[in-house]
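Each value in this text was obtained by applying a stated rule to the coordinates, not by laboratory testing. Quick caveat: nothing in here was measured; it's all calculated off a predicted structure. Quick reminder, even Gly has a Cβ in these numbers, built from the backbone with ideal geometry, and neighbours come from all protein chains shown.
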Amino acid sequence: MSQKPTNNELLLRVDTIYGMLCDGKSRTDILRQGTELWSCSERTLDSYIAKARVKLEEDCRISREAFMAEALAGYRSLRMQAERRGQLMCAKQCLDAQIALVGLAK
């Protein structure tokens, strides 16, 4: 087995496994690739997987307000682009979506 990784190496390994989880890799795939890449034990890799899952959960936790602000900004940007191009129907649809999103539609 390999020697203990530095903190930066550990973070890189967790980030690599985070990417594997995002790609839908199974635990078995991650264990196989982790063993090939870093010569780690199954127990060590399970620890990395656990840390990567915590990071994934944190990234998925977005507040309703933050999501709403992001969605409204996206619609605003699309509406402005549509207006510049003279695509008024698209601009109106973006405005309608914004109104529905904030709950002002009847």
Out of Asn7, Leu21, Ile49 - ranked by how far each Cα lies towards the positive end of the dipole of the chain, with unit charges on the beta-carbon of charged residues - the top one is Leu21
Trypsin sites (Lys or Arg not before Pro) in the stretch 45-98 lying in a DSSP loop, each with at most 15 other Cβ atoms within 10 Å of its Cβ, come to Arg61, Arg85
Check: C-alpha center the stretch 1-46 vs C-alpha center the stretch 66-106, spacing in Å is 42
Calculating Cα Rg over 2.2 N^0.38 Å from this structure picks out, from (i) 1.70; (ii) 1.08; (iii) 1.37, entry (i)
Semi-axes in Å, largest first, for the stretch 62-106 (Cα gyration tensor, √(5λ)) are 21, 13, 4
In debye to the nearest 20, the charge dipole size for the chain, taken about the Cα centre with +1 at each Lys and Arg Cβ and -1 at each Asp and Glu Cβ, equals 360
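FRET efficiency for Glu57 and Thr6, Cβ-Cβ distance as r, R0 = 22 Å, nearest 0.05?
Values: r = 25 Å, r/R0 = 1.15.
The formula returns an efficiency of 0.30 here.
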Percent relative contact order for the stretch 24-106, counting Cα pairs under 8 Å at least six residues apart, stands at 18
If the label point sits 7 Å along Cα→Cβ of Gln33, residues of the stretch 42-72 with amide N under 18 Å come out as 42-57
Looking only at aspartates and glutamates whose Cα falls under 13 Å of Lys55's and that sit 8 or more positions away or on another chain, we get Asp15
In vacuo Debye sum over C-alpha of the stretch 7-60, base-10 log of normalised intensity I(q)/I(0) at q = 0.14 Å⁻¹, listed in q order, is -0.30
